[in-house]
Amino acid sequence: MTTENKRKFICDKAKQSSIPDNEKILWSIHAVRKLRVEGLRKSAVEASLRSCELIEDYHTEGRPLPDCLVLGFMSGEPIHIVVAIDEENDRILIVTVYRPLPERWKNDWKRRKKRI
């Protein structure tokens with residue numbers, strides 16, 4: 001699956017998940033815990049996935065599902081979400097979610113700052 005196809009798959013599942021009784025987004029226990037730590041709402045994170053941008057595509061070796069890091073926005077604030085793609089079951093899994101820190105990310109929130 002190409003990077004653009006992954007992004008479209010994620011956006012489509014987020015849009016389809018809003019239809020009652022059509023759950024296309026699963027959440028890991030870690031991601032649910034991160035919601036509380038970061039002070040985020042599940043519905044707002046899911047809404048941000050509808051127009052997210054894929055910023056890092058991870059290697060599939062040693063991983064049960066292909067996953068990637070996406071950038072979304074909630075009320076103008078950036079949010080990073082690691083999403084695993086379960087194409088076989090037509091759904092996505094939120095692995096983790098967090099607010100990117102300015103000291104670790106460049107101003108566009110898409111590129112990591114180099115460590116010294």
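Read-outs: derived from the displayed coordinates by stated rules, not from any lab. Here the structure is a predicted model, which is why all the values come from computation and not from measurement. When we count neighbours, we look across all protein chains shown, and the Cβ atoms used for this are built from the backbone with ideal geometry, even at glycine.
Rounded, prolate or oblate, given the Cα gyration tensor of the range 49-116, with a/c below 1.5 counting as rounded?
oblate
For the chain, find the longest principal axis of its Cα atoms and tell me its angle to the long axis of helix 3-17, 0 to 90°, nearest 10.
In the chain, helix 3-17 runs at an angle near 60 degrees to the longest axis.
Let me know the number of lysine pairs in the chain closer than 17 Å at the Cα, not counting same-chain pairs under 8 apart.
11
Treating each Cα of the chain as an identical point scatterer and ignoring solvent, apply the Debye formula and state log10 I(q)/I(0) at q = 0.17, 0.18, 0.23 Å⁻¹.
Ignoring solvent entirely, the Cα scatterers give -0.81, -0.91, -1.45.
Evaluate the relative contact order of the range 3-98 (contact order divided by residue number), counting alpha-carbon pairs under 8 angstrom at least 6 apart; express in whole percent.
Computed over the range 3-98, the figure is 31 percent.
Can you list the HN-Hα couplings for the range 66-80, worked out from phi with the Karplus curve (6.51, -1.76, 1.60; θ = phi - 60°), rounded to whole Hz and with x for Gly and Pro?
Going residue by residue, I get x, 9, 7, 9, 10, 10, x, 10, 10, 6, x, 9, x, 9, 9 Hz, with x marking Gly and Pro.
Using the 10 angstrom Cβ neighbour count as an exposure proxy, how do Glu23, Glu56 rank, fewest first?
The order, fewest Cβ neighbours first, is Glu23, Glu56.
Please list, in chain and number order, the residues 5+ apart from Lys110 or on another chain whose amide H is under 5 Å from its amide H, with Hs placed from the backbone.
Residues meeting the criterion, in which the H sits 1.01 Å from N, do not exist here.
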